[in-house]
Amino acid sequence: FEAEDGDNTRDRAHETLLVRSAAFAIAADGNISFALIGGSKPNFDLNAYQTEADLPAESSGSGAIGVALRRVSDGRYLTFKTRSTNGSQFWETINIGSDELSTLVEDGETYTLDFIDFHSGGWGWAALDSVIIDQGSIAAPQQPIVQFDFNDRSLQDWVLEMGSDVEGGPTELGII
């Protein structure tokens with residue numbers, strides 16, 4: 001999905017957008033992958049943006065677009081991933097593998113993925129697709145992998161947590 005705008009309104013100033021996945025468990029030997037297109041590669045400071053409450057209300061040129069791994073019990077962002085280069089009209093697959101997960105996740109905890117957009121300016125739009133959560137050794141044998149492909153034109157259990165409505169700007173999420 002992407003922020004639906006039709007004429008690059010995401011490049012202009014807008015309210016912060018946050019779309020959250022359903023909660024899931026994952027083991028240290030799991031893997032998370034997803035694809036991003038578009039978007040700038042600004043910094044996301046995990047010390048400044050520890051939780052959703054710390055996110056700015058409005059976008060800026062130094063804002064961020066990407067996906068954060070969030071621990072549900074305290075709402076803390078554990079890592080933030082974005083494209084490796086500034087904007088592109090080609091999909092880039094990003095992984096959070098077991099090497100990194102082993103330092104981030106704990107047994108008994110649940111997590112979400114948060115798609116966050118508070119960047120405006122060139123390459124101020126982005127889209128997310130092909131989210132795959134391999135839960136690793138804690139997963140039940142019949143359901144070890146959770147996938148979101150958005151092919152049915154819905155958010156598939158992702159929830160809009162922070163809207164992004166501005167006059168003349170993006171007002172809804174859409175499928176590209």
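How many percent of the alpha carbon pairs in the stretch 1-109 exceed a separation of 18 Å? For the stretch 1-109, the fraction of Cα-Cα distances above 18 Å is 54 percent.
Highest mean packing first, where packing is the average number of other Cβ atoms within 10 Å per residue, the peptides 11-22, 73-84, 97-108 line up as 11-22, 73-84, 97-108.
Each Lys or Arg adds one and each Asp or Glu subtracts one; over the other residues with Cβ under 14 Å from the Cβ of Gly97, this totals -3. For the stretch 123-131, the Karplus equation 6.51 cos²θ - 1.76 cosθ + 1.60, evaluated at θ = phi - 60°, returns couplings of 6, x, 10, 7, 9, 10, 8, 6, 7 Hz by residue, with Gly and Pro reported as x.
Kirkwood analysis of the stretch 20-171, using all unique Cα-Cα pairs, places the hydrodynamic radius at 16.0 Å.
Every read-out reported here was derived from the displayed coordinates using simple, explicitly stated rules and does not represent laboratory data. Note that the coordinates shown come from a computational prediction; the quantities given were computed from them, not determined experimentally. Every residue, glycine among them, receives a Cβ derived from its backbone with ideal geometry; neighbour counts consider all protein chains shown.
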